[in-house]
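Novice: Have a look at this one.
The values are calculated or read from the model by the stated rules, or taken from the named source; none is laboratory data. If you're wondering where the values come from, they're calculated on a predicted model, not measured in any experiment. Ideal geometry is used to build each Cβ from the backbone, glycine not excepted, and the neighbour counts take in all protein chains shown.
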Amino acid sequence: MAATRIDGKALAAKLKEEVRAQAEALPRRPGLAVVLVGDDPASRVYVTSKRKDCEECGFYSEEYALPAATTQKQLLDLVGELNGRGDIDGILVQLPLPRGLDEQEVLLAIDPAKDVDCFHPYNVGQLTIGAPVFQPCTPGGVMEMLKEHGIDPAGKRCVVLGRSNIVGKPMALLLLHAHGTVVMCHSKTPDLKELAASADILVSAVGKTGLVTADMVKEGAVVIDVAMNRNEAGKLCGDVCFDEAAEKASYITPVPGGVGPMTRAMLMKNTLTAAKLHQGVK
Ligand code: NAP
C-alpha cells in the first residue's frame, strides 16, 4: 500500500489565507511581538519565517533581537511593556533561552490573553479541561491535518512518542479530547516498538532520526512525523523512515513540508484569536 502524503505546506497556505481574510475584517489588524534572546542560528531562522508569515496574513509585527547577555529583569521588563501595549495581541518569546535565564518565569510573565504559543499554565490548564483559548501550535496543526483528510481519532488507538510540554503532552490531550484512546511513550517505555505497531494514528515527536521503522507501523496506520532533525549529511529529516513507513501507512507526513508549516500557520491563527479577544469580536 502506498500512503497518501499529507501536504502541510499547502494546507498551511490555505489556513493562512483564511486567517488573512478574517484579519482584514477586524477593526484593528492583529499584532505579534517576537522576542529573540541570543544568536542561536536555528531560532533566528524561525523568527524570520514568523515575520514573513505575519506579512502574508496582514498582521503588524515587531521583532526584538536581544543580546545573549540580557538579564532576567530586562527580559521581564520587556514582556511587561508588551503586555501593556494595545497594538500587540500576541507575545512570543523564542525558546530555548540562553543559559542563565529562567524560561518558566518568563513564560509565566506573559499575559495569558497574549500567550499565542499556549505555554502559560493558565492556557495549559484550559487545554487540559477541554476549554482551550488557544491551540498549542504544533499539536493543533496536526489536528488540522487530520481533519482536512477526514481522519477522525474517535475510537482509534493513538500512540504518541514523546512527552514534552511543547509537543507530546498537548498532542495526547488533543487526541484524547477528540475521543482517541491515547498511549504516551517516552524514553523509559520498554515496549515502544509493540505499542507503536498497535497504533491506528502514530505521532512521533522524539527527535531521533530513523527511530520509527516499518515494523513499528501497522498496515493502514496514519503516521505523523513531528520531528525536525538533521541527518549526517545535514539534511532536515524526521523520526520516521519515510519510504519504508509509506509502504504500510494509509497517510503520512513528510519532513520537511509536513507538520512544520502547520505549526507556523497555527501561530497566526492564535494571534488572530487573541486579536478578536482583545477587540471583542466573536
Ligand atoms: P524534547 O523536549 O527533547 O522531548 C523529546 C521526547 O522524546 C521526550 O519526552 C523523551 O522522553 C522522548 N524520547 C527520547 N528518546 C526516546 C526514545 N528512544 N524512545 C521514545 N521516546 C524518547 O523534544 P520536543 O521539543 O518535544 O521536540 C521533539 C521533536 O519535534 C524534535 O525533533 C523537534 O525538533 C521537533 N519539533 C518540531 C516542531 C514542528 O513544528 N514540526 C515543533 C516542535 C518540535 P523523556 O521525557 O523520557 O526524556
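Novice: Got at least one residue in the stretch 225-232 being at pLDDT below 95 and more than 14 Å from the ligand (Cβ to nearest atom)? Even if it seems obvious, please write down each step before you answer.
Specialist: Narrowing the stretch 225-232 to residues at pLDDT below 95: 230-232.
Now narrow it down to the ones that are more than 14 Å from the ligand (Cβ to nearest atom): 232.
Within the stretch 225-232 (the criterion being at pLDDT below 95 and more than 14 Å from the ligand (Cβ to nearest atom)), the answer is yes, since at least one residue qualifies.
Novice: Filter the stretch 175-206 down to residues that are away from the ligand (no atom under 14 Å from the Cβ) and touching a residue at least 40 places away in the same chain (Cβ under 8 Å) and give me whichever is surrounded by the fewest Cβ atoms within 10 Å (Cβ to Cβ).
Specialist: Applying the filter and picking the extreme gives S198.
Novice: So, in the stretch 72-97, how many residues would count as being farther than 16 Å from L277 by Cα, assigned to a helix (DSSP H, G or I) and in contact (Cβ under 8 Å) with a residue 12 or more places away in the chain?
Specialist: Qualifying residue count, the stretch 72-97: 7.
Novice: Name the residues in the stretch 167-208 that are of a type in the set (G, A, S) and not in a helix (DSSP H, G or I), would you?
Specialist: Selection gives A178, G180, S187, S198, A199, S204, A205, G207.
Novice: May I ask you to list the residues in the stretch 49-83 that are more than 26 Å from Q104 (Cβ to Cβ) and surrounded by fewer than 13 Cβ atoms within 10 Å (Cβ to Cβ)?
Specialist: K52, E55
Novice: Something else now. Could you list, in sequence order, all residues of the stretch 141-162 that are touching a Ser or Thr at 6+ places or on another chain (Cβ under 9 Å) and within 16 Å of the ligand (Cβ to nearest atom)?
Specialist: Those that are touching a Ser or Thr at 6+ places or on another chain (Cβ under 9 Å) and within 16 Å of the ligand (Cβ to nearest atom): G141, V142, M145, C158, V159, V160, L161, G162.
Novice: Of the residues that make up the stretch 235-255, is at least one more than 18 Å from V159 (Cβ to Cβ), within 16 Å of the ligand (Cβ to nearest atom), outside any strand (DSSP E or B) and touching a residue at least 40 places away in the same chain (Cβ under 8 Å)?
Specialist: yes
Novice: Turning to a different aspect of this structure: When C118 is evaluated against the numbered criteria (1) in contact (Cβ under 8 Å) with a residue 40 or more places away in the chain; (2) more than 14 Å from the chain's Cα centre (by Cα), which criterion, by number, is the only one it fails?
Specialist: For C118, the exception is condition (2).
Novice: Could you tell me how many of the residues in the stretch 124-147 are part of a helix (DSSP H, G or I), surrounded by fewer than 16 Cβ atoms within 10 Å (Cβ to Cβ) and free of Cβ contacts under 8 Å to residues at least 24 places away in the same chain?
Specialist: Total satisfying the criteria: 2.
Novice: Residue pairs, Cβ under 6 Å, 6 or more apart or interchain, first in the stretch 148-171 and among the hydrophobic types (A, V, I, L, M, F, W, C), second part of a loop (DSSP other than H, G, I, E, B) and near the ligand (Cβ under 6 Å from one of its atoms). List them.
Specialist: Short answer, once both residue conditions are applied: L161/V206; V167/A205; V167/V226.
Novice: Please go through the stretch 211-221 and pick out each residue that is assigned to a loop (DSSP other than H, G, I, E, B) and either more than 11 Å from the ligand (Cβ to nearest atom) or in contact (Cβ under 8 Å) with a residue 60 or more places away in the chain (or both).
Specialist: Passing the criteria: T213, V217, K218, E219, G220, A221.
Novice: Residue by residue through the stretch 95-140, note down the ones that are away from the ligand (no atom under 13 Å from the Cβ) and acidic (D, E).
Specialist: D102, E105, D111, D115, listed by residue number.
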